[in-house]
Amino acid sequence: MTLRAGWLRNLVILLALWELLGRLHLVASGALPAPSVILLKLWADRADYPPHVLATLEASILGFLVGNAIAIAAGVLFVLSPVALRLARGVNIAIFALPPIAISPVLVLTLSGMTPRVVLAALGCYFTTMTATVLGLTQADARSLDVVRAYGGGRWSMMRLVQLRSALPSMLGGLRIAAPNAVLGAILAEFGGGGRFGLGTYLLGSLGRADPPRLWGIGLTATLIAGLAYAAFAILGNHIAGASRAVTIPAAAPSLPGRHSRLASILLALAAIALPLVLWWLLLKGLGVPEMIARTPAGIIDYLFLADSAGSAQSRLLAALAETLPITLAGLLAGLAFAFMLALLVDVAPALGRSLMPVALVTQTMPLVALTPLLVLLLGRGTAVTLWITISVTFFPSFVTIAQGIMMVPRPALEVPRAYGAGKLKELRLVAIPASLPYLFAALRLAVPRALLGVMIAEWLATGKGLGNLLNQSRGYLDYGMIWTVAVVAVLIAVVFHQVVIFTERRVLPRLGMTTVE
Amino acid sequence: MAGDRSISFRNVSKSFVARGERFTALDDVSMDCPPGSFTALIGPSGCGKSTLLRLALGLDQPDRGDIRIGRLAPREATASGDTGVAFQDPALLPWRNVEANIALPLDVIGKPRSAFRDRIAELIDLVGLKGFEKSLPGELSGGMRQRASIARALVTRPGILFLDEPFGALDQILRRQMNIELQRIWADSKATTLLVTHGIDEAVFLADRVVVMQSRPGRIATVIDVPFARPRPKELFTSPAFHALNDVVTTALHGA
Ligand SMILES: Nc1ncnc2c1ncn2[C@@H]1O[C@H](COP(=O)(O)OP(=O)(O)O)[C@@H](O)[C@H]1O
Ligand SMILES: [Mg+2]
């Protein structure tokens with residue numbers, strides 16, 4: 001109750017402050033308009049909105065339905081057959097790690113109409129829902145499963161009578177995160193082109209018009225839609241499953257114990273790496289995409305290493321990478337460092353945490369990266385904007401993950417050092433910092449794909465440098481080989497980064513007697 | 001499932017690996033329960049009683065030895081729908097009401113619930129849950145949940161009944177009542193019953209034979225026959241002969 005009142009008070013203070021800043025043109029000479037001005041502009045533009053909102057909604061909803069249907073079916077399959085889960089590991093990690101913006105142009109090239117948007121929205125849903133399904137299904141009460149088995153029930157009976165129902169809270173938790181992800185996916189696909197309507201299209205179209213209140217109006221509308229989608233599933237979850245536990249974004253592809261010989265394990269791992277390539281190839285053949293546009297894995301090797309123009313392609317790609325990689329790393333580390341320090345600060349001053357946590361949770365549901373034009377407005381088109389976008393998209397999920405990790409430290413563990421007279425700093429050093437290490441790694445896993453996404457979007461829309469810009473330029477030059485190459489390279493970078501983190505984590509944590517967290 | 005309702009364990013051994021170390025939970029256990037008999041299994045905690053039951057239900061596989069329910073292997077017997085089981089933990093599904101929880105075995109073996117309406121009502125009455133048919137497990141006390149799980153074990157009118165400390169969570173008074181009810185149910189159904197318990201008086205009151213186990217490794221120490229005529233009245237609990245036999249079992253347990 002008091003928590004809620006404090007929340008409301010903070011909101012009012014924030015709005016008043018914002019109004020004041022806007023009225024006085026204090027931020028970037030008017031780039032941050034007052035809320036009242038934004039609302040008036042929204043009202044003036046009210047005739048423009050319906051087709052855009054409807055287009056984005058349509059793609060989001062379709063993608064949400066398709067993506068989650070596939071995710072739930074896949075989750076059930078993975079639990080029934082751990083071999084299938086191992087085979088799909090490569091696909092799962094790729095989908096987790098891929099920066100949506102990188103494959104947006106490829107989708108627009110190979111698919112038509114609304115389909116690219118639906119696919120990107122569906123991809124945004126797949127991972128969280130699939131992971132939540134697998135977790136929910138495998139965490140069903142073992143004793144209830146025994147009862148079913150004791151009456152001769154097989155795997156399918158256990159699934160039907162116990163697991164599916166007991167996984168419901170977890171699955172609804174997954175859907176809650178998937179809902180705003182679908183909106184984000186749809187908007188990012190709109191950035192890739194195709195179609196006249198959609199909030200993303202509207203946002204891009206308004207970017208050049210020097211009309212900050214309009215941009216803010218679109219951004220707030222997108223945020224509102226994503227927030228409502230999240231809230232709808234939060235309420236549904238509470239209602240159906242009585243599940244009100246805070247849901248965090250999964251940061252690892254699920255795995256189940258299986259008994260395989262060494263040889264079988266190696267073969268499965270190789271098959272898991274091959275599967276995404278095979279699927280890619282099959283999709284292109286199956287869709288009958290014209291040779292000129294489509295690039296198979298072999299086509300990309302040809303483009304990058306064998307063709308006459310390979311030298312020029314390589315040098316352009318390397319130049320772009322030299323721009324993108326350092327700033328991705330810098331933004332990633334800065335976002336993580338801020339998150340870590342703030343989480344520790346919250347541990348020292350819990351009252352701060354109580355007011356920050358809701359804000360951090362809310363921002364998780366915002367299609368932050370889709371609001372890049374707003375940041376461009378505020379920060380201009382230099383490198384600073386890239387850095388800030390990257391920090392803003394990596395900071396919040398990292399903060400939530402680390403802070404929740406620290407909160408999970410049992411009270412008595414904190415009180416032992418205190419009982420021996422340890423001060424706050426010593427307590428941090430002895431308990432909170434070591435305890436948060438596994439969560440720091442989890443946050444890193446979560447932040448890697450986001451950092452790359454943030455940098456590429458900033459490059460695409462604002463700075464005109466690096467991988468994002470190369471992708472955007474190649475669209476203009478109809479350089480299909482480069483469009484495909486950038487998409488593949490971006491996904492590979494994200495996957496390799498992710499695997500490096502996991503590799504390091506598996507070396508470091510056990511040595512300190514810790515285990516990894518999901 | 002006409003025919004043989006016997007249970008037989010032949011040289012059954014089972015070991016587990018815990019924290020990298022293998023230890024023997026059951027070592028060469030042989031035992032026969034003739035059709036229609038009531039066997040009580042008693043022994044110190046951790047001696048492998050539950051493990052033995054789980055093997056008989058096909059929930060785990062023995063390392064060595066053979067288990068038969070009639071002529072069938074455990075998994076075949078349970079799939080035929082002639083076995084019933086209640087575990088120490090009621091393990092009710094929290095989203096099903098009492099009625100639907102009792103009907104769970106029917107859903108597993110694929111029998112229509114409608115054909116068992118009367119049976120379910122009768123069982124609910126029997127275990128004293130009348131009026132709670134539509135309650136969810138979360139709304140019941142521990143003892144009530146336990147009684148629902150016993151009703152669930154009986155719903156298919158099983159020819160073979162496995163009970164793993166089913167009355168462990170009940171208070172002494174209710175426990176006595178349930179003992180007397182169980183005797184009646186058993187006499188009516190002639191189900192071959194294997195009851196795991198840590199209550200010596202319960203074992204002696206209900207069983208034809210009390211099998212006493214010892215631990216580390218789990219083995220059968222002795223088998224004590226219970227000669228009392230049936231039906232056994234509740235006055236038996238206070239008779240000197242009953243106490244004398246209780247003492248025999250106690251000695252076997254602690255002297256073993
Ligand atoms: N799945 C298992 N994994 C490892 N150890 C087990 C497992 N099940 C039972 N045990 C061990 O086997 C022994 C016998 O257990 P149990 O049959 O449950 O004993 P009881 O029912 O007689 O108390 C115990 O030491 C127990 O810890
Ligand atoms: Mg036991």
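The values are calculated or read from the model by the stated rules, or taken from the named source; none is laboratory data. From a predicted model like this one, the values you see are computed outputs, not experimental measurements. Ideal geometry is used to build each Cβ from the backbone, glycine not excepted, and the neighbour counts take in all protein chains shown. Ligands, DNA and RNA are stripped out before the accessible areas are found, and what is left, the full protein with its side chains, is counted by its heavy atoms. Shrake-Rupley method; radii C 1.70, N 1.55, O 1.52, S 1.80 Å.
Please go through region B:49-58 and pick out each residue that is within 16 Å of ligand 2 (Cβ to nearest atom) and open to solvent by less than 10 Å² (accessible area, probe 1.4 Å).
Passing the criteria: B:Leu52, B:Leu53, B:Leu55, B:Ala56, B:Leu57.
One residue is enough: does region B:61-76 have a residue meeting the conditions within 13 Å of chain A (Cβ to nearest Cβ), open to solvent by less than 10 Å² (accessible area, probe 1.4 Å) and within 30 Å of B:Arg184 (Cβ to Cβ)?
Yes: one or more hits.
Identify, please: which residue in region B:15-38 is within 16 Å of ligand 2 (Cβ to nearest atom) and under 20 Å from the mean Cα position of the chain (by Cα) and is, among those, farthest from the other protein chains (Cβ to nearest Cβ)?
If we take residues in region B:15-38 being within 16 Å of ligand 2 (Cβ to nearest atom) and under 20 Å from the mean Cα position of the chain (by Cα), then B:Val29 is farthest from the other protein chains (Cβ to nearest Cβ).
Can you name the condition, by its number, that B:Arg54 falls short on among (1) over 15 Å from the mean Cα position of the chain (by Cα); (2) among the basic types (Lys, Arg); (3) within 14 Å of chain A (Cβ to nearest Cβ)?
Among (1) over 15 Å from the mean Cα position of the chain (by Cα); (2) among the basic types (Lys, Arg); (3) within 14 Å of chain A (Cβ to nearest Cβ), B:Arg54 violates only (1).
Restricting to region B:197-220, and then to whatever is over 20 Å from B:Ser37 (Cα atoms) and open to solvent by 30 Å² or more (accessible area, probe 1.4 Å), can you tell me which residue is nearest to ligand 2 (Cβ to nearest atom)?
For region B:197-220, the residue satisfying everything is B:Ser215.
Scan region B:3-42 residue by residue and report those that are outside any strand (DSSP E or B) and either away from ligand 1 (no atom under 13 Å from the Cβ) or touching an Asp or Glu at 6+ places or on another chain (Cβ under 8 Å) (or both).
Of region B:3-42, the ones outside any strand (DSSP E or B) are B:3-6, B:19-20, B:34-37.
Result: B:Gly3, B:Asp4, B:Arg5, B:Ser6, B:Pro34, B:Pro35, B:Gly36, B:Ser37.
Only residues that are among the charged types (D, E, K, R) and either more than 14 Å from chain B (Cβ to nearest Cβ) or open to solvent by less than 10 Å² (accessible area, probe 1.4 Å) (or both): list them for region A:97-152, please.
A:Arg117
List pairs: first residue in region B:40-52 and among the charged types (D, E, K, R), second residue at pLDDT 90 or above and within 9 Å of ligand 2 (Cβ to nearest atom) anywhere in the structure, Cβ distance under 6 angstrom, at least six positions apart or on different chains.
B:Lys49/B:Val196
Looking at B:Phe228, B:Phe242 in this structure, which one is more than 16 Å from ligand 1 (Cβ to nearest atom), farther than 24 Å from B:Ile150 by Cα, part of a helix (DSSP H, G or I) and touching a Leu at 6+ places or on another chain (Cβ under 8 Å)?
Residue meeting the stated conditions: B:Phe242.
Quick one: how many residues across region B:67-83 are within 23 Å of B:Lys14 (Cα to Cα), within 20 Å of the chain's Cα centre (by Cα), touching a residue at least 24 places away in the same chain (Cβ under 8 Å) and not in a helix (DSSP H, G or I)?
Matching residues across region B:67-83 total 5.
If you take the residues in region A:320-350 that are open to solvent by less than 60 Å² (accessible area, probe 1.4 Å) and over 19 Å from A:Tyr439 (Cα atoms), which one is modelled with the lowest pLDDT?
Once the filter is applied, the top-ranked residue is A:Ala349.
So how many residues does region A:153-174 have that are within 11 Å of another protein chain (Cβ to nearest Cβ) and farther than 30 Å from B:Glu76 by Cα?
Within region A:153-174, residues that are within 11 Å of another protein chain (Cβ to nearest Cβ) and farther than 30 Å from B:Glu76 by Cα number 2.
Hand me the list of helices (runs of 4 or more DSSP H) wholly inside region A:29-90 holding 2 or more residues that are in contact with a helix residue (DSSP H, G or I) (Cβ under 6 Å, 6 or more places away or on another chain) and aromatic (Phe, Trp, Tyr).
A:49-80
Identify, by number, the condition in (1) open to solvent by less than 20 Å² (accessible area, probe 1.4 Å); (2) over 20 Å from A:Leu161 (Cβ atoms) that B:Gly131 doesn't meet.
The one condition B:Gly131 does not meet is (1).
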